[in-house]
Amino acid sequence: MHARADDSDTVSAWPDDIFAILQRFEVRQVPYVPDAGHSQLIRRVLASSTMRGIPLTTEEEGVALLLGAWAGGQRGVLLMQSSGVGNCINMLSLTQIFRFPFLTLVTMRGEWGEFNPWQVPMGSATQAAFELAGIKVLRASHPQEVREVVEAAASQAYNACTPTAVLLSQRLIGAKVFVK
């Protein structure tokens, strides 16, 4: 299985844009569940001397980890796939109770060219689930939008303590296909 995207030249540039924004906002902790859509960004984080990539067994651990990072004086960002958002519903209440700077970057599945029917239900409900939990949602569907959208989301999350999710559309990351 591999990802396919509309324009291979621009696909590899937007994760670098995100990494640069995270550095500028002094993000130090990056919990993630391994995901092909975030793989380039995860590699950049793991190679960084200023950020700590933290692999998770389940996405809701990342919400608690970001709260702990903030309590300890550090900023973080949670990387996950849309199928993991449902796992976080109870933990997302922490963003309202503690009003901490929560930012998550979510690679979408279940939309644009999806082959796996199991990804469609949560992919269709991701934005609504976040909004019901009081999380502001921004979306990037094209490489040229990523920098502006992530910059705005980071500013909302870290400066205004507004819990924010960025949905990185499946059109942006590329539809996954099985190849023999």
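A compact table of results
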| read-out | value |
| --- | --- |
| Residue selected from the stretch 89-113 under the condition over 16 Å from L167 (Cα atoms), of a type in the set (A, V, I, L, M) and not in a loop (DSSP other than H, G, I, E, B), by the criterion least open to solvent (accessible area, probe 1.4 Å) | L94 |
| Verdict on V177 being touching a residue at least 12 places away in the same chain (Cβ under 8 Å), under 21 Å from Q40 (Cα atoms) and exposed (fewer than 15 other Cβ atoms within 10 Å of the Cβ) | yes |
| Leading residue by the ranking (most open to solvent (accessible area, probe 1.4 Å)) among those in the stretch 24-70 that are part of a helix (DSSP H, G or I) and touching a Ser or Thr at 6+ places or on another chain (Cβ under 7 Å) | Q40 |
| Number of the exception - Q127 against (1) open to solvent by less than 30 Å² (accessible area, probe 1.4 Å); (2) under 27 Å from P143 (Cβ atoms) | (1) |
| Residues of the stretch 140-168 that turn out to be open to solvent by 20 Å² or more (accessible area, probe 1.4 Å) and either farther than 18 Å from V27 by Cα or touching an Asp or Glu at 6+ places or on another chain (Cβ under 8 Å) (or both), as a count | 6 |
| Failed item, numbered, when V137 is tested on (1) crowded, with 19+ Cβ neighbours inside 10 Å; (2) under 12 Å from the mean Cα position of the chain (by Cα); (3) more than 17 Å from L22 (Cα to Cα) | (1) |
| Pair list, Cβ under 9 Å, 6 or more apart: the stretch 27-49 residue touching a residue at least 24 places away in the same chain (Cβ under 8 Å) and closer than 19 Å to R75 by Cα, other residue of a type in the set (A, V, I, L, M) and open to solvent by 60 Å² or more (accessible area, probe 1.4 Å) | V30/L46 |
| First in the stretch 131-147 and closer than 18 Å to A157 by Cβ, second anywhere and in a loop (DSSP other than H, G, I, E, B), Cβ under 6 Å, 6 or more apart | A133/L92; I135/P163; K136/T162 |
| Test set (1) touching a strand residue (DSSP E or B) at 6+ places or on another chain (Cβ under 7 Å); (2) within 22 Å of A20 (Cα to Cα); (3) of a type in the set (D, E) - E148 fails condition number | (1) |
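The values are calculated or read from the model by the stated rules, or taken from the named source; none is laboratory data. Predicted model only: the values in this text are computed from it and were never measured. Backbone-built Cβ (ideal geometry, glycine too); neighbour counts: all protein chains shown. Quick note on the areas: whole protein, heavy atoms, side chains included, nothing else; ligands and nucleic acids left out. Shrake-Rupley method; radii C 1.70, N 1.55, O 1.52, S 1.80 Å.
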